[in-house]
Amino acid sequence: MGWLGLLKVFLSLASTLANYLREKKLLDAGAKAEIGRQVVEITRRSGIADQVRAEIAGMTDDALDSELRGE
């Protein structure tokens, strides 16, 4: 096998690896998106979102900033 053949094999392996990693990343992103949708649905059903919105609406900007910083 000459240099050209070796280069062709190497590029083929690199391409296969890149495709595998791309597909895995897309699958992971899809799973994360589905988990996010489920969390939103559970939150909506439990009324937590409405409660949090009401609490935030009643806070001043400084109080909200402080709460977000964990102070």
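Readers should treat all values here as calculations from the given coordinates under stated rules, not as data from a laboratory. These figures come from a predicted structure and were not determined experimentally. Heads up, the Cβs are rebuilt from the backbone with ideal geometry, glycines too, and the neighbour counts pull from every protein chain shown.
Observations
- Estimated distance in nm for a label pair at Leu4 and Leu21, the labels positioned 7 Å out from Cα along Cα-to-Cβ: 2.9 nm
- On the basis of the beta-carbon distance and an R0 of 30 Å, Asp62 and Val39 show a calculated FRET efficiency of 0.55.
- Label assignment, mean projected area of the Cα convex hull in nm² derived from the structure, set (i) 7.3; (ii) 8.5; (iii) 5.9: (ii)
- Rounded tilt (10° steps) of 3-46 against the dominant C-alpha axis of the chain: 20 degrees
- Ellipticity at 222 nm from helices only: DSSP H runs of n ≥ 4 in the chain, each -39500 (n - 2.57), divided by the residue count, give -31000 deg cm²/dmol.
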